[in-house]
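Peer 1: Below you'll find the structure I mean.
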Amino acid sequence: MAGLHHVTRGGEPLTIALSPTVTLTKVSVGPMDNNAYVLEGGGGLVLVDAADDAATLLAVLGDRDLDAVVTTHRHADHWQALADVARTGARLVAGTPDAGAIPDDAGVTRPDGVWDGDTVALGSEHLDVVGLVGHTPGSVLLAYRGGDGPTHLFTGDSLFPGGPGRTRSPEDFTSLMDDLEAKVFAVFDDDTVVHPGHGDGTTLGAERPHLQEWRERGW
């Protein structure tokens with residue numbers, strides 16, 4: 001059964017309104033079913049994760065001017081199309097601890113580093129940046145708080161339906177869980193919508209009852 005905001009590779013993109021002024025287009029790209037998100041509003045256009053299938057992403061963008069591409073973290077499946085999309089002249093952005101690991105392999109200039117308290121402009125509006133250490137040293141979450149509706153979080157591979165993203169050590173797992181609890185679950189309401197780096201979406205309310213369960217299982 002398909003979950004929240006389900007898309008499939010090769011299928012039609014999904015476009016929804018996040019507020020009266022901002023729309024989101026979600027598309028699945030690449031062999032790992034990566035999600036790429038295009039946010040448009042306030043006179044601006046931002047792409048979250050130029051993950052793969054550059055032709056698909058450029059077709060979604062059309063002739064609109066792209067202001068920024070945010071790479072949620074350094075893993076290669078999240079930037080396979082970054083070099084092609086960067087030719088639009090868009091600003092490149094990534095979490096400060098991950099920014100230096102992206103340019104050589106992705107074939108782009110070093111992205112601008114962002115972290116807690118920073119914002120990424122979406123025209124006259126903005127996305128708040130939250131740093132989450134664990135899946136990688138410099139993963140970032142983007143939060144859109146506009147309008148009267150729920151907040152929308154673009155979590156990369158740090159939070160999915162059913163738990164946090166993969167970590168490589170108990171220390172990394174604890175770090176990610178600590179950040180998720182302190183910076184996400186303690187800050188945002190239950191109706192907050194989670195848009196992860198792969199697969200379907202969820203809400204914080206659906207996931208919150210399972211935090212201790214995640215801690216106990218260790219993944």
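Just so you know, all these numbers are worked out from the coordinates, no wet-lab data involved. Please read these numbers as outputs of a predicted model, since none were measured by experiment. Glycine also receives a Cβ, built like all others from the backbone with ideal geometry; neighbour counts cover every protein chain displayed.
Peer 1: Applying the selection to the stretch 150-162, what residues are surrounded by fewer than 17 Cβ atoms within 10 Å (Cβ to Cβ) and at positive phi?
Peer 2: Of everything in the stretch 150-162, just one residue is surrounded by fewer than 17 Cβ atoms within 10 Å (Cβ to Cβ) and at positive phi, namely 162.
Peer 1: Anything in the stretch 20-44 that is in contact with a helix residue (DSSP H, G or I) (Cβ under 8 Å, 6 or more places away or on another chain), surrounded by fewer than 23 Cβ atoms within 10 Å (Cβ to Cβ) and either of a type in the set (S, T, N, Q) or touching a residue at least 60 places away in the same chain (Cβ under 8 Å) (or both)? List them, or say none.
Peer 2: Hits for the stretch 20-44 are 25, 32.
Peer 1: Same structure again: Which one is farthest from residue 157 (Cα to Cα) among residues in the stretch 105-132 that are among the polar types (S, T, N, Q) and touching a residue at least 12 places away in the same chain (Cβ under 8 Å)?
Peer 2: 124
Peer 1: Can you tell me which of (1) buried (at least 17 other Cβ atoms within 10 Å of the Cβ); (2) assigned to a helix (DSSP H, G or I) is the one residue 213 doesn't meet?
Peer 2: For residue 213, the exception is condition (1).
Peer 1: Would you confirm whether or not the stretch 110-127 contains a residue that is in contact with a Pro (Cβ under 6 Å, 6 or more places away or on another chain) and of a type outside the set (A, V, I, L, M, F, W, C)?
Peer 2: Looking for residues that are in contact with a Pro (Cβ under 6 Å, 6 or more places away or on another chain) and of a type outside the set (A, V, I, L, M, F, W, C), one finds at least one in the stretch 110-127, hence yes.
Peer 1: Just a yes or no: is a residue in the stretch 75-94 surrounded by fewer than 22 Cβ atoms within 10 Å (Cβ to Cβ) and among the hydroxyl-bearing types (Ser, Thr, Tyr)?
Peer 2: The answer is yes, given that some residue of the stretch 75-94 is surrounded by fewer than 22 Cβ atoms within 10 Å (Cβ to Cβ) and among the hydroxyl-bearing types (Ser, Thr, Tyr).
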